[in-house]
Amino acid sequence: MPFCAQILDAALFLPGVSAPVTADFSWDAQADVVPGAKAVPAGLRRRLSPLGKAAAEALFSLDAFQSGADANAQDDAWVFSSRWGDLDASVAQLRALANGEDLSPTAFATSVHNGIAGQLSIAAKHKGFVTAVAGGDAPFARGFETAAALLVDHARVHFVLYDQGTEPEDPRRYAAAFTLAKLDFQPDEEGYADYLRGPILTLERKTDLKGLPDPVDTAAKNDSGASEVLAMIRWLLDAGAPALSTPCGKTLRVFAKNAPLTKLKVLA
């Protein structure tokens, strides 16, 4: 059974990329930009690493979190996905251990793979469903699968992806956030406006590409130090590529979209 969701809103923090962003964007390997993350209270903001601030910038730039919006809807689910969580924070803890130093409980709490999710849910006073996915080689695919499955019980899911360069202390980092919604195949007048807001995305698990129309591109596994996420975003923006596959463990995750993503907030 395919997983299916509509993208109602999207935001991207990617240093060196300016709006309007197109499918051939490149990631600036020299960029070292730390977002302000001003939507996070100062006391919590000080605990966030640069990667955590990037995730905050993307999440809280979604329309659902703007002034006057129903930002704290407790029935919204949150899904965070990355390859390995906050690598810099984890490495800092390991170095402290290697040097015989005492570990900071606060620093430890933000170094685990769900640390950023916890900090941002506290910042938004969100008491609803929150989960963090260790996405491994396919954080977009595994995170989207989780988020789309949650639409059975939630009208909206805020899906956050974040990652950084492959080397510790590599300044390159990015974050992306999407508001996903379940499809209403018989929308009323108000629902029809939502129906037109963004592309519909489906995902199926496959062992091969037999029976699929050509061409089906394959997502790159290394994009200037990032995972398949940036290749997925390029595909979402590309009007000429209706399908894309990404290796995910021993199987493929095959995505299809009915239209390109045309509304993407670019934050850096």
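Bear in mind that the values in this text are calculations on the coordinates, not laboratory data. Keep in mind the model is a prediction, meaning the values are calculated, not measured. Counting neighbours? That spans all protein chains shown, and the Cβs are built from the backbone with ideal geometry, glycine included.
Rank the residues ASP137, ASP86, ASP75 as a footprinting-exposure proxy: fewest other Cβ atoms within 10 Å of their Cβ go first. Don't jump to the answer; show the numbers that get you there.
Numbers: ASP137 14, ASP86 26, ASP75 11.
Placing the least packed residue first, the sequence is ASP75, ASP137, ASP86.
Order by neighbour count: CYS4, CYS248, fewest other Cβ atoms within 10 Å first, most last. Show your work: numbers first, answer last.
Values: CYS4 16, CYS248 23.
By the 10 Å Cβ count, ascending, the order reads CYS4, CYS248.
In segment 104-129, whose amide N lies under 12 Å from the spot 7 Å out along Cα-to-Cβ of GLN74? List them in ranges.
126-129
At 7 Å along Cα-to-Cβ for each site, give me the label-to-label distance between VAL112 and TRP84 in nm.
The answer from the label model is 1.9 nm.
Using a simple spin-label model with points 7 Å from Cα along the Cα→Cβ vector, what separation in nm is obtained for ASP137 and ASN258?
Using points 7 Å along Cα→Cβ, the separation is 3.3 nm.
Points 7 angstrom from Cα along the Cβ direction at ASN99 and CYS4: gap in nanometres?
5.5
How high is the relative contact order of segment 96-151, given as a whole-number percent (alpha carbon pairs under 8 Å, six or more residues apart)?
Values: 22 pairs, mean separation 10.8, N = 56.
This gives 19 percent for segment 96-151.
Taking N as the number of residues in segment 45-126, what is its Cα Rg relative to 2.2 N^0.38 Å? Intermediate results must be reported in sequence, preceding the final value.
Values: Rg = 14.5 Å, N = 82, 2.2 N^0.38 = 11.7 Å.
Compactness ratio reported: 1.24.
So which lysines pass the test for LYS182, namely a Cα distance under 26 Å, with those fewer than 8 places away in the same chain ruled out?
Output for LYS182: LYS125, LYS127, LYS206, LYS257, LYS263, LYS265.
Between ALA239 and ASP208, what length comes free when the chain is fully extended (0.36 nm per residue of separation minus the Cα-Cα distance, one decimal in nm)?
On the way: separation 31, 0.36 × 31 = 11.16 nm, distance 2.41 nm.
Additional length available on full extension: 8.8 nm.
Going by average Cβ density within 10 Å per residue, which order do the peptides 228-238, 114-124, 173-183 take, highest to lowest?
Details: 228-238: 23.1, 114-124: 21.1, 173-183: 25.1.
Descending mean neighbour count gives 173-183, 228-238, 114-124.
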